Structures are given as structure tokens and as C-alpha cells.
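Engineer: Let me give you the structure first, and then I'll get to my questions.
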Amino acid sequence: MEGLRDLGYEEGKTVTFEWRWWNDQVERLPELAAELVSLDVQAIVTAGTPAAKALKTATQSIPIIMAVIGDPVAAGLVDSLAHPGGNVTGFSILASDLSGKRLELLKEVVLGLSSLGVILNPENPQPKIELKQMEAAARTLGVQIRPIQISAESSLQSSFESISRNRSVQAVIVLPNALLYNHRKQIATLAAAHRLPLCISFVNS
């Protein structure tokens with residue numbers, strides 16, 4: 001907002017902003033995207049893969065600017081990084097190849113690590129991409145991956161209790177997602193309470 005003011009845009013006079021918040025309710029994204037499109041806005045700024053996908057479905061003409069995104073090519077948002085095509089552009093935090101490195105670092109910290117719980121939101125395609133990278137690294141490192149799917153309806157507390165009961169899980173990695181990012185403090189608290197080493201891979205993707 002400050003940057004826009006520096007460029008001469010003054011809210012209510014030279015520019016109007018329409019804000020929409022999805023508040024971790026993924027099922028509302030198509031509705032909110034349709035609302036913005038119906039207002040005939042000139043551009044839409046968003047963050048995260050689920051919101052970007054909902055907006056691309058809602059419009060193929062209004063420019064969509066992604067402030068933060070995982071792998072936009074794998075998510076089907078752009079044709080390529082060099083030539084996005086269509087009406088979507090923005091900044092990518094393309095870092096799926098780091099998933100294996102995170103596992104390597106965690107294995108150095110947790111001696112004898114052989115079983116890892118991986119928390120992800122299955123409704124976001126980016127964590128699925130990172131999970132595949134991590135599974136490939138895990139086979140090389142001799143670590144068994146146990147995916148733990150968390151959605152808006154799932155309880156983090158019950159998931160950690162389940163992990164704790166499964167004594168074979170020795171540590172936890174959380175893959176990036178807006179929903180889980182918003183609950184990062186609770187995740188860290190639960191991991192500490194259950195005495196589980198935790199690696200949080202967080203960018204709001």
C-alpha cells in the first residue's frame with residue numbers, strides 16, 4: 001500500500017481496492033474469485049497456489065499477479081517460467097528440490113532416523129510435488145515416509161496424538177501451505193509437547 005502511494009495511487013481517489021479473505025476455508029475460494037471477477041476489477045493480486053488456481057478458473061482475461069507461489073508450471077498456472085502465457089504471472093518460490101536437502105539435514109540432527117512423519121495439505125498441489133521429491137531422497141537415505149494429510153476440517157492436535165501413538169515416527173516435517181503456515185505456532189507447540197523434532201518448510205505457498 002505504501003509503495004502504491006509512492007507511485008501516486010491514493011485509495012478512494014485514484015484507485016479502489018476490493019479485499020477478500022478466505023480464512024483457511026479453501027472451499028470458499030471459487031466463490032470469492034467469482035465475486036472479484038463480477039466486479040470487473042482491472043487486476044487481481046493473490047498469494048498461494050489454491051487461491052491462484054481458483055482465480056485462473058474464474059477468469060482468463062483479468063491479469064492475475066501471484067505474490068508468492070510454489071511451482072506454477074506443475075500447478076498448471078503457467079505454460080513455463082520463461083513464457084507464462086495466459087493472464088497469470090508473478091513470483092515463484094520454486095524450491096521443490098530442497099525437500100531432499102531438508103531431509104538430509106534432519107537425518108543429521110536426529111541420529112538413527114528411519115521413520116518420518118510428513119504433514120501436508122492434500123488440497124494444495126505444491127506439497128504433493130515436494131513430497132515426491134522427499135520420497136525419492138528418503139529411499140536413498142533409508143528413511144520411511146509417513147504422509148499425514150491435514151485439511152481445514154482436520155485437527156492438528158488429534159494428528160499429533162496419532163503420530164505420538166505411532167512410536168515408529170521419530171520426527172516431523174511440515175510442507176509449505178497457507179493453511180499450515182497460519183497454524184505454525186500451534187504446530188511448533190504440539191511438536192514440543194510430544195517431544196518430536198520438527199522441521200517447518202514454510203513459505204506461504
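Engineer: Restricting attention to the range 1-32, report how many residues are part of a loop (DSSP other than H, G, I, E, B) and among the basic types (Lys, Arg).
Structural biologist: Total satisfying the criteria: 2.
Engineer: Okay, moving on. Which of the numbered conditions does GLU31 fail, given that it passes all the others? Conditions: (1) at pLDDT 95 or above; (2) among the acidic types (Asp, Glu); (3) within 17 Å of LYS128 (Cα to Cα).
Structural biologist: In the conditions (1) at pLDDT 95 or above; (2) among the acidic types (Asp, Glu); (3) within 17 Å of LYS128 (Cα to Cα), GLU31 misses (3) alone.
Engineer: Hey, among the residues in the range 167-179 that are under 21 Å from the mean Cα position of the chain (by Cα) and of a type outside the set (A, V, I, L, M, F, W, C), which one's surrounded by the most Cβ atoms within 10 Å (Cβ to Cβ)?
Structural biologist: This residue is ASN177.
Engineer: Could I ask something else about it? Does the range 112-166 hold any residues that are in a loop (DSSP other than H, G, I, E, B), more than 19 Å from the chain's Cα centre (by Cα) and not hydroxyl-bearing (Ser, Thr, Tyr), and which are they?
Structural biologist: Matches in the range 112-166: GLY112, LEU113, GLY142, VAL143, ASN166.
Engineer: Out of all the residues in the range 63-77, which are modelled with pLDDT of 90 or more and buried (at least 18 other Cβ atoms within 10 Å of the Cβ)?
Structural biologist: Answer for the range 63-77, where residues must be modelled with pLDDT of 90 or more and buried (at least 18 other Cβ atoms within 10 Å of the Cβ): ILE64, MET66, LEU77.
Engineer: Further question on the same structure: Quick check on this structure: which one of ALA74, ALA82 is in a loop (DSSP other than H, G, I, E, B), more than 22 Å from PRO127 (Cβ to Cβ) and not hydroxyl-bearing (Ser, Thr, Tyr)?
Structural biologist: Checking each option against the conditions leaves just ALA82.
Engineer: Looking at GLN126, GLN157, GLN149, GLN133, can you tell me which residue is within 23 Å of TRP22 (Cβ to Cβ) and either assigned by TED's automatic domain parsing to the domain that holds ASN23 or modelled with pLDDT under 85 (or both)?
Structural biologist: Details: GLN157 fails: either assigned by TED's automatic domain parsing to the domain that holds ASN23 or modelled with pLDDT under 85 (or both); GLN149 fails: either assigned by TED's automatic domain parsing to the domain that holds ASN23 or modelled with pLDDT under 85 (or both); GLN133 fails: within 23 Å of TRP22 (Cβ to Cβ).
GLN126 is the lone residue from the list that is within 23 Å of TRP22 (Cβ to Cβ) and either assigned by TED's automatic domain parsing to the domain that holds ASN23 or modelled with pLDDT under 85 (or both).
Engineer: Is it the case that some residue within the range 109-117 is surrounded by fewer than 16 Cβ atoms within 10 Å (Cβ to Cβ) and within 28 Å of LYS53 (Cβ to Cβ)?
Structural biologist: The answer is no, given that none of the residues of the range 109-117 is surrounded by fewer than 16 Cβ atoms within 10 Å (Cβ to Cβ) and within 28 Å of LYS53 (Cβ to Cβ).
The values are calculated or read from the model by the stated rules, or taken from the named source; none is laboratory data. No experiment lies behind these values; they were computed from the predicted model shown. Glycine also receives a Cβ, built like all others from the backbone with ideal geometry; neighbour counts cover every protein chain displayed.
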